[in-house]
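A.B. asks: For reference, the structure I am asking about is given below.
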Amino acid sequence: MNLYTEPWWELFGYEFMREALVVGVVVAAMAAVLSCFLILKGWSLMGDAVSHAVLPGIVLASMLGLPLAVGAFVAGLGCAVASGFVKRHSRLKEDTVLGVIFTGMFGLGLVLYSKAPTVLHLDHILFGNILGVSRAQVWQTSLIGVGVLSVVLARRRDLLLLCFDERHARALALPATALHYLLLSVLALVIVVSLQAVGLLLVVAMLITPGATARLWTDSFDWMLVVAVVVAVVSSVSGILISYYVSGSTAACVVLVQAAIFLLSLMGWRLRAWRFRGARRVP
Amino acid sequence: MTTSFHDLTRGLRLEVSGLGVVYANGHRALSGASFSLTGGTICGLVGPNGSGKSTLFKSMMGFVRPSAGVVTINGGPVREALKAQVVAYVPQAEEVDWDFPVSVWDVVLMGRYGSMNFLRRARLADRLAVEESLRRVSLWEFRDRQIGELSGGQKKRVFLARALAQGGRLILLDEPFTGVDVQTEEAIIILLRELRTSGCIIVVSTHNLGSVPEFCDQAVLLNKTVLACGPTASVFTEQNLTAAFGGVLRHFHFERSTIQSHDGRSVKIMTDDERPLVFGKDGHLEYKDREGRESLIDERRRRETEAER
């Protein structure tokens, strides 16, 4: 039997494929919803930073025998909180501080990894290993996914206001600080559960591209959420299937499909902007 | 609790006493700033860049913790006033992301979030408040537009409508007239006057020195502290403005020969690159506004002759 000529629907017969698809879809949906908030808040770099910063947390957790996800979550959130603190107490801009802290933490993680007797595979952390997920991980990802999606979608109006005009949120006596940390915690959580699927280098794409693509399609935030999730899920499923046929890195294929959809959307948007030029200002 | 607070706002009172603010990075933005306002009034907040105008705004909204002194609204802490939806903030246009995927309706509805339920689902009362606010600023027809698709003057009015929908009584406006045509400026001023009549305190931070005496009853001159406060006519003197701005303002002094030598008048123009503030004889007061204020003019003349001696 030739692996590369099987029709794609037969791939669903493999259990590892079904599990990979479930994890891929859940991770894509979570990251897509979050990406809409991140790009509007100007936090694209924050996803990059937090994802790199989780490395020392993972290595330390494995050395101490703790669940890896706990170490990763603490380290990721720690990076975001620390850079907020340094920014407030210095004259530096947030992206500068963030850049120093996350690269520092990533470096620390690499050094710890080379010195520590752990059973971790560095390339699984960096690039993910979605075809090797365990049944427990499928459950863990799905439960966290449902939790994250329901919290974020239920509070989406407040979170959107936080991204749009934080001062107004504070003037209305909304819990702006709590919402800020809610968004950060959700970001750290999504990165932690996405590590298995796409790895910490490419999770950044999952946290930016779907939202950016959706923004090109619509001026309504609710529709933006819908489009982002659809784009992310389609990319995830087709990326996983494509990677099977080309024997390529799964995460890379997913990200490539996302980038391709973004490019097509961008071209479509330019075309529309050109056709309606003068009739209506296009953002 | 909310209702009792609104009853109290009949005589809304803002008090800033001995306010000092030092930021975490060591920057001292304000010290010993004191003034008080009672509704309804329109108060201009004037001072050069970095004079602490935005810090003062932040203190009135409870964003910064004072290192000294206190801000009270109706005698209570700012936090309680915020909870009662008393404080509304109209941001500077430059601070708004106009590409944000929200419509005019969405933005004005955001004014209601503080009094909406947990999920922020709009009820009939909220929708009516939004509609009324939009009609008041003549933006009802534009409610479905993405905010970036509006003209400069319309953009300003969206955020004013948000403050109306919120029902704020202490309304803080940050540079409402920058980049706005005269017609919009007029419309905004008319609206502010209506709000004043209903007992609101309106604090306007502005660079537009020329427009302050026109529509502000009171003025606060700021430069790291409150240099002068009170009725605009007594605060807006050449002396006070020079003290507040130092050399920042452009001075154009026209000698007699520049104007008309025959009747011995001279004109001085001071501007912060906005509409100029014109000092003629007897200080700043346009001739059309002089009626009924003879005592003020006499007072100024008396002081001037005293100073000359």
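A.B. asks: Could you list, bin by bin from short to long, the percent of Cα-Cα pairs of segment B:146-200 in 10 Å steps?
C.D. replies: Calculated over all Cα pairs of segment B:146-200, the distribution is 23, 55, 21, 1 percent.
A.B. asks: If you don't mind, there's one more thing I want to ask. At each listed q (0.21 Å⁻¹), what is the log10 of I(q)/I(0) that the Debye formula gives for segment B:77-203 modelled as equal alpha-carbon point scatterers?
C.D. replies: For the requested q values the scattering log ratios are -1.34.
A.B. asks: Please compute the alpha carbon radius of gyration of the protein assembly as shown, then divide it by the globular-protein estimate 2.2 N^0.38 Å. Two decimals is fine. The partial results should precede the final answer.
C.D. replies: Working: Rg = 29.3 Å, N = 592, 2.2 N^0.38 = 24.9 Å.
Here the Cα radius of gyration is 1.18 times the empirical estimate.
A.B. asks: Please compute, for the alpha-carbon atoms of segment B:75-147, the extent along each of the three principal axes and give them in descending order in Å.
C.D. replies: On the principal axes, segment B:75-147 reaches 40, 32, 25 Å in Cα extent.
A.B. asks: Here's another thing I want to ask about it. What shape does segment A:31-135 have by the C-alpha gyration tensor, where a ≥ b ≥ c are the square roots of the eigenvalues, rounded means a/c under 1.5, and otherwise prolate means a/b greater than b/c and oblate the rest?
C.D. replies: Because a/c hits 1.5 or more and a/b fails to exceed b/c, segment A:31-135 counts as oblate.
A.B. asks: What distance in nm separates the simple spin-label points at A:Arg270 and A:Leu66, each placed 7 Å from Cα in the Cβ direction?
C.D. replies: Computed distance between label sites A:Arg270 and A:Leu66 equals 4.8 nm.
A.B. asks: Mind listing, in residue-number order, the residues in segment B:102-144 that have at least 30 Å² less accessible area with every protein chain present than in their own chain alone (1.4 Å probe)?
C.D. replies: With the partner chains in place, segment B:102-144 has these residues losing at least 30 Å²: B:Met110, B:Tyr113, B:Phe118, B:Leu119, B:Arg120.
A.B. asks: What do the square roots of 5 times the Cα gyration tensor eigenvalues come to for segment A:102-194, in whole Å, largest first, as semi-axes of the equivalent ellipsoid?
C.D. replies: Over the Cα atoms of segment A:102-194, the ellipsoid semi-axes are 34, 19, 9 Å.
A.B. asks: Can you work out the FRET efficiency for the pair A:Asp123 and B:Gln239, with r the C-beta to C-beta distance and R0 = 60 Å, to the nearest 0.05?
C.D. replies: 0.25
A.B. asks: At a cut-off of 50 Å², which residues of segment A:171-189 become less accessible once all protein chains are present than in their chain alone, using a 1.4 Å probe?
C.D. replies: In segment A:171-189, residues shielded by partner chains: A:Ala171, A:Leu172.
A.B. asks: When each pair of different Cα atoms in segment A:20-270 is counted once in the 1/r mean, what is the Kirkwood radius in angstroms, to one decimal?
C.D. replies: Computed over Cα pairs of segment A:20-270, the Kirkwood hydrodynamic radius comes out at 18.3 Å.
A.B. asks: When chain A is treated as a GNM, springs tying every alpha-carbon pair under 10 Å, which of A:Gln140, A:Gln196, A:Gln258 comes out with the largest mean-square fluctuation?
C.D. replies: Fluctuation is largest for A:Gln140.
A.B. asks: P(r) tail for segment B:1-140, what percent of Cα pairs lie past 19 Å?
C.D. replies: 62
A.B. asks: How high is the relative contact order of chain A, given as a whole-number percent (alpha carbon pairs under 8 Å, six or more residues apart)?
C.D. replies: 29
A.B. asks: Please sort A:145-153, B:102-110, A:97-105 by packing, taking for each peptide the average over its residues of neighbouring beta carbons within 10 angstrom, highest first.
C.D. replies: B:102-110, A:97-105, A:145-153
A.B. asks: Here are some pairs, A:Lys41/B:Lys156; A:Lys87/B:Lys155; B:Lys83/B:Lys224; A:Lys93/B:Lys83; A:Lys87/B:Lys83; which of them have Cα atoms lying more than 27 Å apart in this structure?
C.D. replies: Cα-Cα > 27 Å for A:Lys87/B:Lys155; B:Lys83/B:Lys224; A:Lys93/B:Lys83; A:Lys87/B:Lys83; rest within.
A.B. asks: How do A:Asp95, A:Asp222 rank by accessible surface area computed with a 1.4 Å probe, from largest to smallest?
C.D. replies: I get A:Asp95, A:Asp222, largest accessible area first.
A.B. asks: A follow-up question, please. If you plug each phi of segment A:72-89 into the Karplus form 6.51 cos²θ - 1.76 cosθ + 1.60 with θ = phi - 60°, what whole-Hz ³J(HN,Hα) values come out, in order, with x for Gly and Pro?
C.D. replies: 5, 4, 4, 5, x, 5, x, 4, 5, 5, 4, 5, x, 5, 4, 4, 5, 9
A.B. asks: Under 8 Å for C-alpha pairs, at least 6 residues apart: give me the relative contact order for segment A:154-283, rounded to a whole percent. Mind showing how you got there, number by number?
C.D. replies: Working: 93 pairs, mean separation 24.2, N = 130.
The normalised contact order for segment A:154-283 reaches 19 percent.
A.B. asks: Let me ask another. Any idea what the dipole of the protein assembly as shown comes to, in debye rounded to 20, about its Cα centre with Lys/Arg Cβ at +1 and Asp/Glu Cβ at -1?
C.D. replies: On the way: 59 positive and 51 negative charges, 103 e Å.
Dipole size: approximately 500 debye.
A.B. asks: Mind checking which of A:Phe102, A:Ala169, A:Val151 is farthest towards the positive end of segment A:68-216's charge dipole, using Cβ charges of +1 (Lys, Arg) and -1 (Asp, Glu) about the Cα centre?
C.D. replies: A:Ala169
A.B. asks: Using a 1.4 angstrom probe, figure out how much accessible area the protein assembly as shown has per residue, in square angstrom, rounded to the nearest whole.
C.D. replies: I get 46 Å² per residue for this part.
A.B. asks: Assigning unit charges at the beta carbon (Lys, Arg +1; Asp, Glu -1) and nothing else, what dipole magnitude in debye, to the nearest 20, does chain A show about its Cα centre?
C.D. replies: On the way: 20 positive and 13 negative charges, 237 e Å.
Once rounded to the nearest 20, the dipole reads 1140 debye.
A.B. asks: Given a 1.4 Å probe and no ligands, DNA or RNA in the count, how much accessible surface is buried by A and B, both sides, to the nearest 100 Å²?
C.D. replies: In total, this chain pair buries about 2800 Å².
A.B. asks: If I compute solvent accessible area with a 1.4 Å probe over the protein chains, what percent of it on chain A is carbon and sulfur?
C.D. replies: C and S atoms contribute 70 percent here.
The values are calculated or read from the model by the stated rules, or taken from the named source; none is laboratory data. No experiment lies behind these values; they were computed from the predicted model shown. Using ideal geometry, Cβ is built from the backbone for each residue, glycine included, and neighbour counts are taken over all protein chains shown. Note: accessible area is taken over every heavy atom of the protein model, side chains too, but ligands, DNA and RNA are not part of it. Shrake-Rupley method; radii C 1.70, N 1.55, O 1.52, S 1.80 Å.
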